[in-house]
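Dumping the structure here so I can ask a few things about it.
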Number of protein chains: 2
Amino acid sequence: MLNHGDSADNLPGAAQLFSALGDPVRLAIVARLCKDGPLPTIELKQCAEGVSRQGVTKHLHVLEDVGLVDSDRIGRDRQWRLRAQQLAIVRTYLDWISAQWDQRLERLTEFVENDA
Amino acid sequence: MLNHGDSADNLPGAAQLFSALGDPVRLAIVARLCKDGPLPTIELKQCAEGVSRQGVTKHLHVLEDVGLVDSDRIGRDRQWRLRAQQLAIVRTYLDWISAQWDQRLERLTEFVENDA
DNA sequence: TTCATGGGCAACCTCCTGGTTGCTCGTTTG
DNA sequence: CAAACGAGCAACCAGGAGGTTGCCCATGAA
């Protein structure tokens, strides 16, 4: 799993996560799972306009591979559940990047002020 | 540009952004630009281990297409600059999703407590 | 028990992506 | 000026991603 000690080291892992979220169908699935909790494949299929069941299943496996989602077989169905910690990693990465940006702006402001 | 009135409508746009960030080279470029401000192509090339100049240029164009970055020609060089607003959109989208998650957890907790 | 439904697996196809090379052009710089 | 450097453009290539179909299995409901 992703070691999140220092976000800078985590670039490849973060890229994986971004990549997994970088498809409209997958993003819709994640959003749906976020809103309406664990759901069976068939239900998730509805947020993929005009995509076959197998297509949706493939997307779900992509999400599973990066740990954004996991599942249990319940009788005939397979229930999918969001793993919020992984989403948190993405957020943290963006926050880390943004923080660097903010620091740079601060330094820049300082510089300008000292310069004036 | 991306209308950010309601994050739910914004799914395709958000997916574009995630997708653009979903490549290690591109993510490294964004991180670098965030840390060290506007930089010429050649400098950015350094964060793409073993990729040709043209390769890097292609990545930069991908970032440009989704508005994460823009550039000016300065004499012989081309200077690249981060567009932080677009990064903010990604963050906001994640926050929006997470908020829904949190609400669901609240509702769930309520339900369990009322049930007990 | 029978049949419909949700799912898994595998093969297959197409198109996009990430990457390259080769060539030319303009700008610096020695 | 001449050479070197940064960049743009176009062609090209291999592999992967997203999608489909067909077939079979198990479970649930009639």
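The values are calculated or read from the model by the stated rules, or taken from the named source; none is laboratory data. Small disclaimer: the values here were computed from a predicted structure and weren't measured. Heads up, the Cβs are rebuilt from the backbone with ideal geometry, glycines too, and the neighbour counts pull from every protein chain shown.
For the range B:45-60: of the residues being touching a Ser or Thr at 6+ places or on another chain (Cβ under 9 Å) and not hydroxyl-bearing (Ser, Thr, Tyr), which is surrounded by the fewest Cβ atoms within 10 Å (Cβ to Cβ)?
So the residue we want is B:53.
Yes or no: residue A:11 part of a helix (DSSP H, G or I), under 22 Å from residue B:106 (Cα atoms), within 15 Å of DNA strand C (Cβ to nearest atom) and within 18 Å of the chain's Cα centre (by Cα)?
On the way: part of a helix (DSSP H, G or I): yes; under 22 Å from residue B:106 (Cα atoms): no; within 15 Å of DNA strand C (Cβ to nearest atom): yes; within 18 Å of the chain's Cα centre (by Cα): yes.
It is false that residue A:11 is part of a helix (DSSP H, G or I), under 22 Å from residue B:106 (Cα atoms), within 15 Å of DNA strand C (Cβ to nearest atom) and within 18 Å of the chain's Cα centre (by Cα).
On the basis of being under 19 Å from residue A:15 (Cβ atoms) and within 19 Å of the chain's Cα centre (by Cα), does residue B:30 make the cut?
Here the answer is yes, as residue B:30 does meet what is asked.
Moving to a separate point now. Which ones in the range B:16-32 are of a type in the set (Gly, Ala, Ser) and within 13 Å of residue B:65 (Cα to Cα)?
B:19, B:20
Six or more apart or on different chains, Cβ under 6 Å: which pairs go from a residue in the range A:44-60 that's within 9 Å of DNA strand C (Cβ to nearest atom) to one that's assigned to a loop (DSSP other than H, G, I, E, B)? Could you list them?
Hits for this filter: A:56/A:48.
Would you check if there is a residue in the range B:95-103 being crowded, with 17+ Cβ neighbours inside 10 Å, at negative phi, among the β-branched types (Val, Ile, Thr) and at pLDDT 90 or above?
So far as the range B:95-103 goes, yes, one or more of its residues are crowded, with 17+ Cβ neighbours inside 10 Å, at negative phi, among the β-branched types (Val, Ile, Thr) and at pLDDT 90 or above.
What's the number of the only condition in (1) more than 12 Å from DNA strand C (Cβ to nearest atom); (2) surrounded by 14 or more Cβ atoms within 10 Å (Cβ to Cβ); (3) closer than 18 Å to residue B:15 by Cβ that residue A:67 fails to meet?
(3) is the only condition that residue A:67 fails.
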